[in-house]
Amino acid sequence: YIYKQGNNYYLNFTIRNNLPITITSVKIVGTPLSNSTNIELNSGTHQVKIVFEQSYSFTQGNVYIVEISLSNGNSITVSAGYEQANS
């Protein structure tokens, strides 16, 4: 899911991998939100949080496509809903 905290947007997701892998970038398709990163993951299940410092106007309840690029040249495409935080 995607949420805003302060001036930044965050993406939380769970990834399960059988071999060690590195996440090299994450972008929310159709938005300017993109983040080059270098998150090394051992095999297993991981909770990952990505921060985006760019601004964008998300719509509550909409689902966005997220593309996660990996060090082996592959990418994973997942869906993420936007959840507006209660102030």
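The numbers here are math on the coordinates, done by the rules we state, and not lab data. In this text, all values refer to a predicted model and were calculated from it rather than measured experimentally. With ideal geometry, Cβ positions are generated from the backbone for all residues, glycine too; neighbour counts draw on all protein chains shown.
The set of residues in region 1-20 that are surrounded by fewer than 11 Cβ atoms within 10 Å (Cβ to Cβ) and not polar (S, T, N, Q) comprises GLY6, ARG16, LEU19. Restricting attention to region 73-87, report how many residues are closer than 17 Å to TYR10 by Cβ, of a type in the set (A, V, I, L, M, F, W, C) and under 16 Å from the mean Cα position of the chain (by Cα). Summing the residues that are closer than 17 Å to TYR10 by Cβ, of a type in the set (A, V, I, L, M, F, W, C) and under 16 Å from the mean Cα position of the chain (by Cα) in region 73-87 gives 2. With the condition kept exactly as written, say whether any residue in region 21-43 is of a type in the set (Asp, Glu) and surrounded by fewer than 13 Cβ atoms within 10 Å (Cβ to Cβ). Among the residues of region 21-43, at least one is of a type in the set (Asp, Glu) and surrounded by fewer than 13 Cβ atoms within 10 Å (Cβ to Cβ), which makes the answer yes. Considering only residues in region 44-72 that are surrounded by 16 or more Cβ atoms within 10 Å (Cβ to Cβ) and under 16 Å from TYR10 (Cβ atoms), the one that is farthest from the chain's Cα centre (by Cα) turns out to be PHE58.
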